[in-house]
Amino acid sequence: MNRALFAAVTVVAIVSPIAWPPSLAEPGKKEIVGSTAAEVRWFTPAYYRDGRQRAHLFGASSQDGAWIDRVKIPGGATVLAHTHPQDELVTVIEGTWYLGAGEKFDAAKLKAYPAGSFIVIPAGVPHFVEAKEGTVVVQMSGIGKFQTDYLEK
């Protein structure tokens with residue numbers, strides 16, 4: 001019985017960090033935590049089926065509380081029209097992020113936001129995204145569980 005319990009605990013300890021990577025910095029910790037761009041731990045959540053990746057930097061966007069995540073979008077990828085129940089605060093870290101407002105993807109409505117740009121998308125505002133010219137990395141932050149409600153499929 002002890003061997004079975006040890007084996008189960010060992011499997012959980014090994015698989016848990018792979019299945020849901022922790023953030024680099026946990027809220028309330030009393031130490032300086034830093035990472036270089038090369039040290040950011042990217043993963044592909046089950047709900048991303050288009051090549052996007054995500055990295056938890058602070059907190060957990062899947063739970064209540066403050067959080068900061070990065071999203072890596074491969075070149076040529078589009079994210080169809082959707083909304084969020086909370087404001088979306090976005091900083092473009094790398095590449096050019098194309099964003100448009102509306103309930104249906106429309107390339108003519110896309111506006112280019114190069115690296116260094118900051119965007120606030122208010123809660124409930126329908127929008128869509130494209131990474132036209134190569135990989136784009138954006139940093140998003142918020143308070144409370146992040147949710148996306150797609151308007152098109």
Can you report the number of residues in segment 127-153 which are open to solvent by less than 50 Å² (accessible area, probe 1.4 Å) and touching a Gly at 6+ places or on another chain (Cβ under 6 Å)?
4
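Output yes when any residue across segment 54-61 is over 23 Å from residue 113 (Cα atoms) and polar (S, T, N, Q), and no when none is. Let's see the steps before the verdict.
Let us first name the residues in segment 54-61 that are over 23 Å from residue 113 (Cα atoms), namely 58-61.
Remaining after also requiring polar (S, T, N, Q): 61.
Taking every residue of segment 54-61 in turn, at least one turns out to be over 23 Å from residue 113 (Cα atoms) and polar (S, T, N, Q).
Looking at segment 30-119, what strands (runs of 3 or more DSSP E) fall wholly within it and have at least 3 residues that are surrounded by 13 or more Cβ atoms within 10 Å (Cβ to Cβ)? Write out each step before concluding.
Working: elements: 53-58, 66-73, 78-83, 88-94, 96-101, 111-114.
Qualifying strands (runs of 3 or more DSSP E): 53-58, 66-73, 78-83, 88-94, 96-101.
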Pairs under 8 Å by beta carbon, first residue farther than 11 Å from residue 72 by Cβ and aliphatic (A, V, I, L, M) in segment 32-44, partner modelled with pLDDT under 90 and open to solvent by less than 80 Å² (accessible area, probe 1.4 Å), six or more apart or different chains?
33/24; 33/25
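Only one of these is under 30 Å from residue 153 (Cα atoms), in a helix (DSSP H, G or I), at pLDDT below 55 and not basic (Lys, Arg): 14, 18. Name it.
On the way: 14 fails: under 30 Å from residue 153 (Cα atoms).
Result: 18 is the single residue among 14, 18 that is under 30 Å from residue 153 (Cα atoms), in a helix (DSSP H, G or I), at pLDDT below 55 and not basic (Lys, Arg).
Residue-wise test of (1) more than 19 Å from residue 50 (Cβ to Cβ); (2) in contact with a Leu (Cβ under 8 Å, 6 or more places away or on another chain); (3) without any contact (Cβ under 8 Å) to a residue 60 or more places away in the chain.
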{"site": "80", "(1), (2), (3)": "no, yes, no"}
{"site": "86", "(1), (2), (3)": "yes, no, no"}
{"site": "98", "(1), (2), (3)": "no, yes, yes"}
{"site": "110", "(1), (2), (3)": "no, yes, yes"}
{"site": "126", "(1), (2), (3)": "no, yes, yes"}
{"site": "134", "(1), (2), (3)": "no, no, yes"}
{"site": "144", "(1), (2), (3)": "yes, no, no"}
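The values are calculated or read from the model by the stated rules, or taken from the named source; none is laboratory data. This one's a predicted model, so the numbers in the text were calculated from it and none came from an experiment. Methodologically, a virtual Cβ is constructed for each residue, glycine included, from the backbone with ideal geometry; neighbour enumeration extends over all protein chains shown. Side chains are part of the model used for accessible areas, which takes the heavy atoms of the whole protein and leaves out ligands, DNA and RNA. Shrake-Rupley method; radii C 1.70, N 1.55, O 1.52, S 1.80 Å.
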